[in-house]
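The block underneath contains the structure these notes are about, expressed in structure tokens.
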Amino acid sequence: MAEQPNELKKLAAIATDLGLSAALRTKSIELIGNIGTHDALLVLLDLAANKELVKEERDLALKHASEIVKSGR
């Protein structure tokens, strides 16, 4: 379990690094959504609230957060 928060931190850093390609940032958001834990939900909500990100990426983070909530994980 200790690995998961580190993985989430790394994926969140990738998702917010505007110097990286949009495809890589999008993939990191999808991977965070696949983790599906409460911590992943919080990271996705932080990404959705990040005004510096591209609107489509923020919407994707919110979509994955919604899926986690609906799944009850």
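The values are calculated or read from the model by the stated rules, or taken from the named source; none is laboratory data. This structure is a prediction, so every number in the text was calculated from the model and none was measured. Every residue, glycine among them, receives a Cβ derived from its backbone with ideal geometry; neighbour counts consider all protein chains shown. Keep in mind that these areas ignore ligands, DNA and RNA; they rest on the heavy atoms of the full protein, side chains included. Shrake-Rupley method; radii C 1.70, N 1.55, O 1.52, S 1.80 Å.
A few points about this structure:
- Here's the list of lysines a cross-link from residue 70 could span, going by alpha-carbon distance under 24 Å and ignoring same-chain residues fewer than 8 apart: 9, 27, 55.
- Helix 3-16 and the long axis of the chain differ in direction by around 30°, with both axes built from C-alpha atoms.
- Which of 38, 64 is most accessible, then next, and so on - probe 1.4 Å: 38, 64
- Folded to 0 to 90 degrees: helix 55-71 orientation relative to the chain principal axis, Cα: 10 degrees
- Dipole magnitude (debye, nearest 20) for the chain, charges at Cβ of Lys, Arg, Asp, Glu: 120 debye
- A straight chain from residue 23 to residue 6 at 0.36 nm per residue would run longer than the Cα-Cα distance by 4.0 nm.
- Under 16 Å from the residue 67 label point (7 Å along Cα→beta-carbon), backbone N, the range 4-22: none
- Sorted largest first, the principal axis extents computed over the alpha-carbon atoms of the chain equal 31, 25, 17 Å.
- Between helix 38-49 and the chain: long-axis angle, C-alpha atoms, 0 to 90°, nearest 10: 30 degrees
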